[in-house]
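All remarks here apply to the structure that follows.
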Amino acid sequence: MQMSRCSGGRPPPGCRRSGAVRDSLGGRGADARAPSCELRSPAMAPAPPPAASFSPAEVQRRLAAGACWVRCGARLYDLTSFVRHHPGGEQLLRARAGQDVTADLDGPPHRHSANARLWLEQYYVGELCGDPQSCVENGAVAAAETQKTDPAMEPRFEEVDWEKDLVDWQKPLLWQVGHLEEKYDEWVHQPVARPIRLFHSDFVEALSKTVWYSVPLIWMPLLLYLSWSYYQTLTQGNVRLFASFTTEYSVAVPESVFPGLFALGMFLWSLTEYFLHRFLFHMKPPSNSYYLITLHFLMHGQHHKAPFDDSRLVVPPVPASIMVAFFYVFLRLILPEAVGGTVFAGGLLGYVLYDMTHYYLHFGSPHKGSYLCNMKTHHIKHHFSHQKAGFGISTKLWDHIFHTLIPEEPHLKTQ
């Protein structure tokens, strides 16, 4: 059960949270212009509302209704909307519903990153209070434990204040991020649990978003058509390699090579996927280049800023069409039509599987110990703590080969 209140939980549009996230989350300076909001008084900003308090009985009632609330000391978090996204699996969070997870943040199985702790604060809903005195005591104990065990991770006890972010979340972000300059790289890799708007125009904004099933719906019919068409061409027996250079040494291409060419296309796509993700999507744009920062945010930065915005997890049809057309023309130029077309069809299937896998790694809940569960953990670590490693989405093969695997953590509790 997700609560809609300004004092905690995920805020609804136009709603602000109390508290402050300091410079580590992109806090604005005192002289920065505060973002406009229809809830703001023209004379002065309203005082932050006090944190809500919940009795143990109220928490138990919500747990019984199916909500997933956890606590750190006396602080309560409603993770109901996040359980399916949790890289450790939904069952892991459900098993800890109603419990104090302070120790779990330090592991085992792993120590949660600063980004993960800041992410948790977006689900803060209030304090656990049996009575006012116990509320104060619990809060004091939690704060003391934080200072003693993990002083570098104080952000876990800071609430999210969207007015102190470096951008105005009430306006499209695409035209703002270029002004962040040297602060952009840190800001874009601090994920938030809220949707992003890129453009002023509703039409252009709609083109930048899509549902996950648009990928198989659009590309699978084309894939089947091309596969059948080029297989039929190969069965005619008149397709030859190198015929454009020499007729004497050209090589006939029999229909039996169709599966091999198709598999080659899928293999080449997995390599292309890795290189695109590593060298294009994760380039670090120059801090003095407004346009390169804007381009990076449009291509991939938006996904790292809002990794669970389900409307931006697969490539929308318009940019996907440009990419698909580029690869098709390229293969047609360097290979005979039927050969290049068959390799392209295999690559197209690889792309569809990549996009579907990517979506599932964010929103699926795979069984613990399965291949997809392992890949989900690997990919979410890439988002929250290892942005310069773990570039494979559908496979770790190329991370192994190019030594960009996310390092394994020791399964020992950090003291």
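The values are calculated or read from the model by the stated rules, or taken from the named source; none is laboratory data. Quick caveat: nothing in here was measured; it's all calculated off a predicted structure. All Cβ positions, glycine included, derive from the backbone under ideal geometry; neighbour counts span all protein chains shown. Surface accessibility is based on the protein's heavy atoms, side chains included, excluding ligands, DNA and RNA. Shrake-Rupley method; radii C 1.70, N 1.55, O 1.52, S 1.80 Å.
Observations
- Per residue, region 275-415 exposes 47 Å² of solvent-accessible protein surface, assessed with a 1.4 angstrom probe and all protein chains in place.
- Amide H contacts of GLY126 (H built 1.01 Å from N, in plane; Pro and chain starts excluded): LEU76 sit under 5 Å, all sequence-distant by 5 or more or on other chains.
- Lysines with Cα under 17 Å of LYS305, excluding same-chain neighbours fewer than 8 positions away: LYS164, LYS171, LYS183, LYS209, LYS284, LYS381, LYS388
- The share of accessible area on region 52-95 that comes from carbon and sulfur is 56 percent, using a 1.4 angstrom probe.
- Of the listed residues MET220, MET375, the order by accessible area with a 1.4 Å probe, largest first, is MET220, MET375.
- HIS300 accessible area, assembled protein chains, probe 1.4 Å, Å²: 20
- Cα gyration tensor category, rounded, prolate or oblate, for region 183-307 with a/c compared to 1.5: prolate
- In this structure the amide hydrogen of LEU198, modeled in the peptide plane, comes within under 5 Å of the amide hydrogens of LEU173, none closer than 5 places in sequence on its chain.
- Within region 280-377, none of the trypsin sites (Lys or Arg not before Pro) combine a DSSP coil assignment with at most 11 other C-beta atoms in a 10 angstrom radius.
- Accessible area (Å², 1.4 Å probe, nearest 10) - LEU353: 80
- Split the accessible area of region 190-314 by element, probe 1.4 Å, and carbon with sulfur accounts for 68%.
- Residue order for TRP228, TRP69 - accessible surface, 1.4 angstrom probe, largest first: TRP228, TRP69
- Region 346-415, relative contact order [Cα under 8 Å, separation at least 6], %: 23
- Overall form of region 238-372 per C-alpha gyration tensor (a/c, 1.5; a/b vs b/c): oblate
- Per-residue SASA remark: ASP165, around 10 Å² accessible (1.4 Å probe; ligands, DNA and RNA not included).
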